[in-house]
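Every number in this text was worked out from the coordinates using simple rules, so none of it is lab data. The structure presented is a predicted model; accordingly, all values stated were derived computationally and were not measured. For neighbour counting, all protein chains shown are included, and Cβ atoms are generated from backbone atoms with ideal geometry for every residue, glycine included.
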Amino acid sequence: MASDVDSPPLVGRADRVATLRSALLDDVPPGHTAAVFLTGESGVGKSRLLREVGDGLRAGGALVLTGSCLDIGDASPLHPLRQALRRFDAELAATQARTSSTVRGLLQVFTEESAGPDGAGALLERVSRGLSLIAEGRPLVLVLDDLQWVDRSTRQLLLYLLAGLGDLQLSVLAAVRTESLQGAHPLRRVLTELRRLRSVRVLDLAPLDRADTDRLATAIVGRPLAPEAAELIWRRSGGNPFVVEELARDVRDGRAGLSDTLREIFLARVEALPEPAHAVMHAVAAGVEPVEHWLLARAVRLPEEELIEAVRAAVAHRLLESADDGYRLRHRLVAEVLADELLPAERAALHRRYAEALTAAPAELHQARLAHHWRLAGEPARALPAAVAAAREAERLHGFAEAHRHWSTARELAAAVTGPASGVDGVELLERAAETAHQCGEHARALELLEELARVSGAPATCALHIRRARYLAAAGRSAPAEAEYRLALAAADCTARERVTAAAHPAELLLHLGRYADAGEQAREALELAAGAEGCTSEVVLASAALGFSQAYLEDPDGGLAVVREALETAESAGRPEDVACAYLHLAELLTGPLNILEEGVVVARRGAERVAELGLGRTYETRLLAIATNGLFRVGQWAEAEKVVAAALRHRPSGADAVELLLARCRLSVGYGDIEASDRDLDAVATMLAGGGARHVLPMLILRAGLAMWEGRHDLARQAVQRGLTESRSDDVIVLATLAWHGLRAEAEAHASRTVAVDERAVRRLREVAARVAGKGEQAARPVRYVVDGFLALCDAEVSRLDGRGDPELWGRSVAEWDRRQHPYPAAYSRLRQAEALLARRSRVATAGKLLRQAYGMAQALGAEPLSSEIRTLAGRARVTLEERPTERRHVAPRPRPAPAQPAGDELATLTAREREVLAAVAEGLTNREIGQRLFISERTIGVHVSHIFDKLQVRTRVQASAIFLRNGSD
Amino acid sequence: MGEPVWGPIQQDIVGLLADHPADVPAVVDHLTKLQDMLVRLPPLERSCPLADFNQLYLVITSTVLDGLYDDRFADPVFLARLDVEFAARYFDALRYWTESSPNTPRAWSCLFKRMRGPDARPLPSAAAGVNAHINFDLPFALVTTFDSLESEPVDDSDQHRDYLEINSIFAERIPELRRGYLDNWQLMIDMLNGDIDDWYQGELVEYTRNVAWRNAQKIWRCRHDPHARECERTRLDDNAAALGRLLLSPLGAFLQ
């Protein structure tokens, strides 16, 4: 009997163990992250495999932290991580005092965290710093079981760390029950998105096959099985290892097992237990795992020795597991099985005993557990204060989703409490429930609760309610109704002067979103007038000034608007509230780099602002955002090296959420320009990881970068896919995105056409031209700054289309050059020059102009550091025999050429050929016709014919095939 | 655990399902390939009941894709995500079926079971597929889509209007595919849903799609509660399975 406490051998999973080890440790490059999500049905052995792999990784030198998610719907934020840290601390030996104090330091972070601006992001940063201290340079592995019950905060932490934002070498191994992923489980979508990444694997753990089933059964029984017994086990278990184990035990112990589902097996096992052990099982099932020994003792009320005896029996029957931190059921299904067995009164009594014991002695998850037990004990009055405390604690840790759930529970409890004894203010509960719903993005729920709030007695005043409703509506992206709510607020009789300013300033911003620029300006002026007569309205002044500035910019009075925003910055500086100063800088920088397109000044303002807000202590939030603006501006004006420095500085703050996505995209844009494929891929994967958690609306810039990258890699198919997806997922009013996509799409088709290896997708071309035409139509009605950007891309589109028709129209490319020069955007301007030169050369006209263009383009591309572009320019210059006046020092940037270089030393047989003849021969060997060779080398078909006959003569051959054979034989590459 | 469920096309199907399409063009591509495989499934081949549904679904999805390219929808991000998420549920069901998993939704397995015979009439087969896909898959696809877009199912929003726009696509396409059968559909549905008052115009798809939107709103409210979510899933699965079995019973044959 005792042998059953030991784990049976792990059968049939050797491959998995090896795969997991290499995916999580051995194959992870330094500084990278990796994740494996293990899915499988109940009893298939996920937890067992986690343990096995965890031990292996620990032995392999990794720091392994292990935690589980809980199925009480109201757990506290980041519970699995905190549990993992506590367990780890408990395992540390006395000699590891330093590590232990680091672990406790990190645990302390959770206790001391207090709500503040960007609190959630700052907490992520602190946690990742703490983890990296604990890891002490070792790879860190986070092993999480029962991930189907993960809380939202933990989910976000995982994505943040996996995106590499925590700057940690981290691997995650998590198990998920397959059954739970059906329906609308939030993890479903996350896993679908993550599984596309190279660093993530989703592995399904299948039941054992027949041979492994027999092997496992034999190991448990201890002798070979009779064929009919083996057959029976196989048929009844379907290879589920848990069921196999239990059936094999029945065979070994001579029990006539009738059960072949987990549920039936558990029921039969529990039935077989002695009475006190039975009670222990019920108690643990009703508890929150792990159930500590002292707590269990209070819940079952057995004398110590009897209790230990009972626990021992339950462990021996393999229903209960015992660990240092307490008891757990071997499988959560047991709790479900047992739930139907108790009378409601018995269950309530158990919960009451838990609650009473916990009231006396604080423990892990204290308030959440208290609320849980008191509620199920049928004592709403006692559960209520605990639920409120749990809600406040969740808020403190920025877990607004969890907080909202606790506040909702608290409201239900308060409704069940009769009389005024509750001591809790019902209006406050409602207010907090509404506010936390708003904070965790449950906008509809927040609005519903606000409706309720408006009806209760003691509700806030009408004006305040309108303002709040407007705020919630605006957060839900419903600008028009939000604006209407502010109007109602202004009309409310109880509106204070302060509120009047608020209700006037915010709709100005909303009107801007709605494209009603003139109305926005008017509204902003009204707000500024109101603010002039009221005290302490700096935030509103900044907001309204920015709205006015943007509306003026859109309405073609840029200077007037700019002056207003500058003034707002001064006002903010003299009033002295840091957030106002930061906002003013942000608006000013956005205005300059955005609609006004005064890039240099915008960059200066953004960088000066970044320094200033860092002084004011807002580095993490506002400095990061200002630096992102500076980076994008620097990219556009062509100061890439500077942009690279700035983005690195911004990422040092370990930003999270939308800020992080923006910076990663900015860095990736640089890497794509530099032609650093590995770095680009890494940033794109990091962005995809962040977006897996939600916010699919930021997907478009990612797709545009993917397309750009694929083009430099010569992967027209991938570029095409990214553009297609982008076109099906962009709003028709987002003309800038559409124009950018159309250009990338047409460029991909034009390159396919030029490559001759990939067929042009005619349908795609037609569609892209339609999109460009539609954008041109809509662009005419768009605001001037929008039109300005769109026109640049449309010029590129027109010119790419001309490449598809034939050799490209030098005039159209010339127009594109002029457009981008005017915008001071050297990257597309250099690209357009390359294409203009190519078009001129193909027509063999104005060769000198073409040479000049190529040299200009090359100079620009080299100054940027745009390697793939430089390399294309070099290839064309080589074919056209244009000297680029390259300085020798710059040669080290040169990447391998895409085609075999004709100037390479050739074998003996080719020694008699001139350089030009070798070039022609190389093209012949590629299978090109004379006409095609002529187009490529910019010489007439007839001249090619002359070259070819010279080649034949010198090589003494008669056919192209023979000539090609000699060429290939003599080291063509 | 004996013979593979897809017989000779097992490898092709497993290969296809290993991929998870990420956008609408990829979904159309997937459905096209699947169609080519299904019509090779013996013994029914061209009259494979699932192929009848798959063909209809392919036509609808291609029309949605054209609509996305042609600027037909107000919020293409939403609609494209929904389309992908919606199709993913169908592919998931096929994957479960391929693995002979007990997790195959009952709503689907009643149709899948008929794939190897006996022959069912094309219209009831397609209708059974539409039933499983709309009555069971769609509400969950909606919830997941809104969740990933950090948005919510709000009546009369852009998303709701786009969603209803799909009804016109069904209305455009169904008569074209099965010209003249709509009267029978109406009759059938009147029989099945005799007690439903807001049944108007007699269009199965429009009606069930509105039910799906309501169901999605219902699931949305309890999506953080694993227990309630699971109850809702079982309820929808049971309902859709009952309706599916009826459509595939001899009674359904009169639809033809």
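Per residue of B:81-87, how many C-beta atoms from partner chains lie within 10 Å of its own C-beta, taken as a mean? Spell out each step's value before the answer.
Details: counts 5, 0, 1, 4, 4, 0, 0.
Per residue, the average neighbour count from other chains is 2.
Would you mind giving the mean number of other chain beta-carbons within 10 Å of the Cβ of each residue in A:175-187, as a whole number? Before the final figure, lay out each step's value.
Values: counts 0, 0, 0, 3, 4, 3, 2, 11, 17, 18, 9, 6, 0.
Per residue, the number of nearby Cβ atoms from other chains is 6 on average.
Any idea what diffusion coefficient the stretch A:908-969 gets from Stokes-Einstein, in µm²/s, Kirkwood Rh on alpha carbon pairs, 10 °C, 1.306 mPa s? Write down the numbers at each step before the final one.
Details: Rh = 11.3 Å.
D, rounded to a whole number, is 141 µm²/s.
Taking R0 as 35 Å, what FRET efficiency do you get between A:Asp717 and B:Arg214 from their Cβ-Cβ distance, rounded to the nearest 0.05? Please list the in-between numbers first.
Values: r = 42 Å, r/R0 = 1.19.
My answer for the efficiency is 0.25.
Express the relative contact order of chain A as a whole percentage, based on alpha carbon pairs under 8 Å and six or more residues apart in sequence. Don't skip to the end; give the middle numbers.
On the way: 1450 pairs, mean separation 66.5, N = 973.
With pairs under 8 Å counted, the relative contact order is 7 percent.
Using Cβ contacts closer than 10 Å as the measure, can you line up A:Arg332, B:Arg40 from fewest to most? Walk me through the intermediate numbers first.
On the way: A:Arg332 18, B:Arg40 15.
In order of increasing Cβ crowding within 10 Å: B:Arg40, A:Arg332.
If you fit an axis through the alpha-carbon atoms of helix A:344-360 and take the longest principal axis of the Cα set of chain A, what angle between them do you get, 0 to 90°, nearest 10?
80
I want to verify the translational diffusion coefficient of the stretch A:719-768 in µm²/s; compute it with Stokes-Einstein, Rh as the Kirkwood radius over Cα pairs, at 4 °C and 1.567 mPa s.
Values: Rh = 11.0 Å.
The diffusion coefficient I find is 117 µm²/s.
Rounding to the nearest 10 and keeping the result within 0 to 90°, find how far the Cα-based axis of helix A:380-396 lies from the longest principal axis of chain A.
For helix A:380-396, the angle is close to 30 degrees.
Any chance you could run the full-extension gain for A:Asp204 through A:Thr959? It's 0.36 nm times the residue separation minus the Cα-Cα distance, nm to one decimal. Before the final figure, lay out each step's value.
Working: separation 755, 0.36 × 755 = 271.80 nm, distance 5.77 nm.
The span from A:Asp204 to A:Thr959 would gain 266.0 nm if fully extended.
If you average 1/r over every pair of different alpha-carbon atoms in the stretch A:244-343 and take one over that average, what Kirkwood value in Å do you get? Provide the component values of the computation, followed by the final result.
Details: mean 1/r = 0.0726 Å⁻¹.
Across the stretch A:244-343, the inverse of the average 1/r is 13.8 Å.
If you average the sequence gap of Cα pairs under 8 Å that are 6 or more apart and divide by the length of the stretch A:269-342, what percent do you get for the contact order?
Taking the mean separation of contacting Cα pairs over the length of the stretch A:269-342, I get 38 percent.
Using label points projected 7 Å from each Cα along Cα→Cβ, tell me how many nm separate B:His227 and A:Thr943, to one decimal.
Between B:His227 and A:Thr943, the simple spin-label model gives 8.5 nm.
At 7 Å along Cα-to-Cβ for each site, give me the label-to-label distance between A:Asp167 and A:Arg51 in nm.
For the pair A:Asp167/A:Arg51, the computed spacing is 3.8 nm.
Divide by every residue of chain A the summed helix terms, -39500 (n - 2.57) for each DSSP H run of at least 4, and state the resulting mean residue ellipticity at 222 nm, rounded to the nearest 500 deg cm²/dmol. Mind dumping the intermediate values first?
Working: 46 runs with 648 residues, N = 973.
Theoretical 222 nm ellipticity from helices: -21500 deg cm²/dmol.
Based on the Kirkwood radius over alpha-carbon pairs, what is the Stokes-Einstein translational diffusion coefficient of the protein assembly as shown at 25 °C with 0.890 mPa s viscosity, in µm²/s?
Values: Rh = 34.3 Å.
The Stokes-Einstein estimate is 72 µm²/s.
Where the convex hull is taken over the Cα atoms of the stretch A:622-758, what is its projected area averaged over directions, in nm²? Before the final figure, lay out each step's value.
Working: hull surface 33.9 nm².
Mean projected area for the stretch A:622-758: 8.5 nm², to one decimal.
Enumerate the whole-percent occupancy of each 5 Å bin, from 0 to the last occupied one, for all C-alpha pair distances of the stretch A:505-648.
Calculated P(r), rounded to whole percents: 2, 12, 20, 21, 19, 15, 8, 3, 1, 0.
Fewest first, what order do B:Val130, A:Val661 take by the number of other Cβ atoms within 10 Å? Could the numbers behind the result be given before it?
Values: B:Val130 21, A:Val661 24.
Placing the least packed residue first, the sequence is B:Val130, A:Val661.
Work out the length of the dipole vector of chain A about its Cα centre, built from +1 on the beta-carbon of each Lys and Arg and -1 on the beta-carbon of each Asp and Glu, and round it to the nearest 20 debye. Working shown, then result.
Details: 122 positive and 133 negative charges, 705 e Å.
It works out to roughly 3380 debye.
If one puts a single equal scatterer on every Cα of the stretch A:279-334 and applies the Debye formula without solvent, what log₁₀ I(q)/I(0) results at q = 0.25, 0.27, 0.30, 0.31 Å⁻¹?
After summing over all Cα pairs, the log10 values are -0.99, -1.18, -1.46, -1.55.
I need the calculated FRET efficiency for the pair B:Asp238 and A:Thr875, taking r as the beta carbon distance and R₀ as 56 Å, to the nearest 0.05.
Working from the Cβ atoms, E equals 0.30.
Mind giving me the FRET efficiency for A:Ser755 and A:Ala93? R0 is 51 Å, r the Cβ-Cβ distance, nearest 0.05 is fine. Walk me through the numbers before you get to the answer.
Values: r = 63 Å, r/R0 = 1.24.
After rounding, the FRET efficiency stands at 0.20.
Along the charge dipole of the protein assembly as shown, Cβ charges K/R +1 and D/E -1, which of B:Gln159, A:Pro344, A:Ser171 sits furthest on the positive end?
Of B:Gln159, A:Pro344, A:Ser171, it is A:Ser171.
Strictly greater than 20 Å: what percent of every Cα pair in the stretch A:290-427 meets that? Each step should come with its number before you reach the end.
Numbers: 5143 of 9453 pairs.
Distances greater than 20 Å cover 54 percent of the Cα pairs.
How big is the dipole moment of the stretch A:370-456 about its Cα centre under a simple scheme where the beta carbon of each Lys and Arg is +1, that of each Asp and Glu is -1, and everything else is neutral? Debye, nearest 20, please. Don't skip to the answer; put the middle values down first.
Values: 9 positive and 13 negative charges, 48 e Å.
Its charge dipole is roughly 240 debye.
Over all distinct alpha-carbon pairs, what is the Kirkwood Rh of the stretch A:711-806 in angstrom? Display every interim value, and only then the final one.
Working: mean 1/r = 0.0753 Å⁻¹.
Over the stretch A:711-806, the inverse of the mean reciprocal pair distance is 13.3 Å.
Relative to the longest principal axis of the C-alpha atoms of chain A, give the angle of the C-alpha long axis of helix A:152-162, reported between 0 and 90° and rounded to the nearest 10°.
40
Averaging sequence separations of C-alpha pairs under 8 Å and six or more residues apart, then dividing by the length of the stretch A:4-206, give the relative contact order as a whole percent.
36
Grab every C-alpha pair in the stretch A:211-260, bin the distances at 10 angstrom width from 0 up to the longest one, and report whole percents.
31, 65, 4
Calculate I(q)/I(0) for the stretch A:370-456 by the Debye formula, one identical point scatterer on each C-alpha and no solvent, and give its log10 at q = 0.24 Å⁻¹ to two decimals.
Taken in order of the listed q values, log10 I(q)/I(0) reads -1.13.
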